[in-house]
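Notes for the one structure printed next.
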Amino acid sequence: MAANADEVLAVDVSTEAVARVQRNAALNGVTNVTAREANVFDLLHELDGRGERFDTVILDPPAFAKSKSAVEKARRGYKEINLRALKLLQPGGCLITCSCSYHVHEGDLEGILADAAADAGATVSVVENAARRGTIRSCLGVPETYYLKCFVLRKLA
């Protein structure tokens, strides 16, 4: 992202992950990346409250549903994080949103994204579904390998 952006804000709740981003940016001579340790749910809300807007937001959270019993809570989490991200996007902006929760299926995630867009008052189009495009691979007959999902959305209004 840094090569194609004026500035990048990388957020993680992990101190170690933030330090890794800072080290890698320094090693590569990248000066337009700011790494921040924060709870992304809180930070997205804070940024929206300050009126901040972005051209691109990338969400790649850890698995919200590691078991079937966690699916409902995960659905709420995915909806909330995507709703907040969509509110931060400029019209024409791009949301790249991922899930590595095996128990939240692709169709469910697509519905969650539609609900988040509706609640954000945003009209979005699907630019790409990486799983359908074949960018993300899985093994036929081994459903456990089909856990990665990634949607690229454009906020039209």
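Brief remarks on what is shown
- Given charges at Cβ of Lys, Arg, Asp, Glu: the chain dipole, positive-most of Ser67, Leu95, Leu156: Ser67
- Solvent exposure of segment 29-115 amounts to 51 Å² per residue of accessible area, where only protein heavy atoms count and the probe is 1.4 Å.
- Based on DSSP H segments of at least four residues, each scored -39500 (n - 2.57), the chain has a per-residue ellipticity at 222 nm of -12000 deg cm²/dmol.
- DSSP beta bridges fully contained in segment 46-157 are about 70 percent antiparallel.
- Across the chain, Cα pairs under 8 Å and at least six residues apart give a relative contact order of 21 percent.
- Using a cut-off of 19 Å between Cα atoms, the listed pairs Lys79/Lys149; Lys66/Lys155; Lys73/Lys155; Lys68/Lys149 include Lys66/Lys155; Lys73/Lys155 as exceeding that distance.
- In this structure the amide hydrogen of Val124, modeled in the peptide plane, comes within under 5 Å of the amide hydrogens of Leu156, none closer than 5 places in sequence on its chain.
- Three-way shape call for segment 1-51 based on the alpha-carbon gyration tensor, with the a/c threshold at 1.5: oblate
- Residue of Gly77, Gly93, Gly51 that the Gaussian network model of the chain assigns the largest fluctuation, springs spanning Cα pairs under 10 Å: Gly51
- In this structure Ile58 has an accessible area near 90 Å², from a 1.4 Å probe over the protein heavy atoms.
- Solvent exposure ordering (accessible area, 1.4 Å, most first) of Asp60, Asp119, Asp108: Asp60, Asp119, Asp108
The values are calculated or read from the model by the stated rules, or taken from the named source; none is laboratory data. Computed from a prediction, not measured in an experiment: that's the story for all the values here. Glycine also receives a Cβ, built like all others from the backbone with ideal geometry; neighbour counts cover every protein chain displayed. Heavy atoms of the whole protein, side chains included, go into the accessibility calculation; ligands, DNA and RNA do not. Shrake-Rupley method; radii C 1.70, N 1.55, O 1.52, S 1.80 Å.
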